[in-house]
1. Who wins for biggest fluctuation among Lys301, Lys143, Lys383 in a Gaussian network model of the chain, springs between alpha carbons below 10 Å?
2. Using DSSP to call loops (not H, G, I, E or B), can you name the GluC sites (Glu not before Pro) in segment 397-427 whose Cβ has at most 12 other Cβ atoms within 10 angstrom?
3. Are any of the pairs Lys20/Lys144; Lys25/Lys388; Lys41/Lys61; Lys301/Lys388; Lys25/Lys416; Lys103/Lys419 more than 32 Å apart by Cα-Cα distance, and if so, which?
4. For His401, His268, what ranking results if the residue with the fewest other Cβ atoms within 10 Å of its Cβ goes first?
5. Which FRET efficiency, nearest 0.05, do Lys32 and Glu108 yield, Cβ-Cβ r, R0 51 Å?
6. Rounded to whole Hz and in sequence order, give me ³J(HN,Hα) for segment 339-350 from the Karplus expression 6.51 cos²θ - 1.76 cosθ + 1.60, θ = phi - 60°, writing x for Gly and Pro.
7. How large is log10 of I(q)/I(0) for segment 4-436 at q = 0.06, 0.10, 0.12 Å⁻¹ when the intensity is taken from the Debye formula with one equal scatterer per alpha-carbon?
8. For Asp196, what residues show an amide H to amide H distance below 5 Å, using hydrogens built from the backbone and excluding near sequence neighbours?
Amino acid sequence: MKVGIEAAAIYLPKIYLSVKDLAIKRNIEPEKLEFGLGLKKMAVLDAHEDTATLSANVLFKLFKYFNLNPKDISRIYLGTESALDAAKPTATYAVQLVQEVLKTNFGENSFRHIDVLDMTFACVGGVDALHNCLDFVRVNPNKKAIVISADYAKYALDSSGEYTQGAGAVAMLISSNPELISFENNWGISTESVFDFFKPRRYREDEPVVSAVNSGSDQIEIFTDEPIFDGQYSNECYKDRLRDAYFDLKKQLNSDKLYENWKYLAFHLPYAFQGKRMFTDIFALENELDNSNENQKIISKSDDYANLIHEKINPTQWASAEIGNMYTASIFTALLSALTLSDENLEGKKVGFLSYGSGSKSKVFEGTIESGWKSVIEKLNLKAELEKRESIDYETYENLHRKKLKHSAGKIHGFKLEKIENENPNLLGARYYSFQQ
Ligand SMILES: CC(=O)CC(=O)SCCNC(=O)CCNC(=O)[C@H](O)C(C)(C)COP(=O)(O)OP(=O)(O)OC[C@H]1O[C@@H](n2cnc3c(N)ncnc32)[C@H](O)[C@@H]1OP(=O)(O)O
């Protein structure tokens, strides 16, 4: 029996900042960001958006484009590291919002018997939700699950993470009828507790911020969505975990050069060029070359490595350059990116997935593209989703970043954050939304 992704949808914020505009403001050479890291545009979360609207919008699209019925869905798991609450899952917001809009089609409480949950492990939380739901379908082949990966990557202004920011969400229907891609049940795994990038609870009572939705009233931001991180160390951790998980999978599969079996390498992409910059290590070891840092630099400029990038990695980076870091959704967007660009017959081709979550864990696994992939890709239409967006100027971006913008910068379409309760003590912090077609 095959299990995997039957259908998928992607949702992106409707505004972006040109990375070149940001580079100029920050006195960084634009060429470094475009040709060194592969960055072109940065998706920006608008004033009316949060993780619940990203998740609800992508879930709604999945239901609409693929005519799904909530009665056929047993669980909806959300992988995110931008949760709105430490107790109430953000998935409950998303499911409730979609249920409200779909109640005319399916009746009140049509989602009542669905198991709803958030899963958090930095950027690998979406892969964890997928892993879990694949196992669930293997045990219950007649049941279906939905995995949502939704995040916004926000870093301190003028930090080395700022130009890698982004946002977006991917939703996937997991079943025993995988039209898009099926997954083998072998998982290379590597875990180690490190402090490369994390979001501890912090109190910032010295810095009141005015919320865009409760204009006029000062709020104290208690949890911040900006991580504590050490960029170069996080790259070392990424490399270490990927190497360890990759060779764990290779051992299980008893394979020769494992990556050679893969048509594409879909990495977790914190920025577009991360995969190709980090894979020199595994490439060296697979080809029995010296993997010292100096030699990896030489390998990165070799013809053999350039061919590998051209064939197996470039197509997976294209969407990331247009969006930026989507944390949990980045690895799935890498897959959608390659499939969107392809006009070959991909049925039966294998894809290698190299995921990473700070803190830290990597899961490396493989999938096989299935016969219905083209029709799923046409329905989710990534190119149209990218083209629907408008650019914003630097000042608008900075006001949004500082939470000082009291109106939406772009068009409002779908779910909209209306209010965060700040008076009723029993509901302090509760969020309320509306829907616009
Ligand atoms: C956060 C997650 O999502 C989880 C993870 O994956 S953790 C691993 C990634 N970490 C992060 O994303 C944390 C946030 N990001 C950062 O801190 C930083 O953006 C970063 C560490 C990722 C990059 O750091 P940086 O100092 O800006 O860039 P640096 O590592 O020096 O690389 C710049 C590249 O541009 C190249 N470059 C510089 N100037 C150039 C120019 N004018 N023209 C062309 N290329 C240029 C450099 O040669 C270098 O490329 P190579 O090493 O491949 O040759």
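Derivation of every value follows stated rules applied to the coordinates shown; laboratory data play no part. Everything quoted here is computed from the prediction, not taken from an experiment. Positions of Cβ are generated from backbone atoms using ideal geometry, with glycine treated the same way; all protein chains shown enter the neighbour counts.
1. For the chain, modelled as a Gaussian network with Cα springs under 10 Å, the answer is Lys301.
2. Details: sites: Glu398, Glu418, Glu421, Glu423; in loops: Glu421, Glu423.
Filter output for segment 397-427: Glu423.
3. Values: Lys20/Lys144 43 Å; Lys25/Lys388 26 Å; Lys41/Lys61 23 Å; Lys301/Lys388 37 Å; Lys25/Lys416 30 Å; Lys103/Lys419 23 Å.
The pairs that break the limit, which is 32 Å between Cα atoms, are Lys20/Lys144; Lys301/Lys388.
4. Details: His401 19, His268 31.
Going from least to most buried by this count: His401, His268.
5. Numbers: r = 54 Å, r/R0 = 1.07.
FRET efficiency, Lys32 to Glu108: 0.40.
6. 5, 5, 7, 7, 10, 8, 7, 9, 4, x, 6, 9
7. Results for segment 4-436 at q = 0.06, 0.10, 0.12 Å⁻¹ read -0.23, -0.67, -0.98.
8. Hits under the 5 Å cutoff: Gly359.
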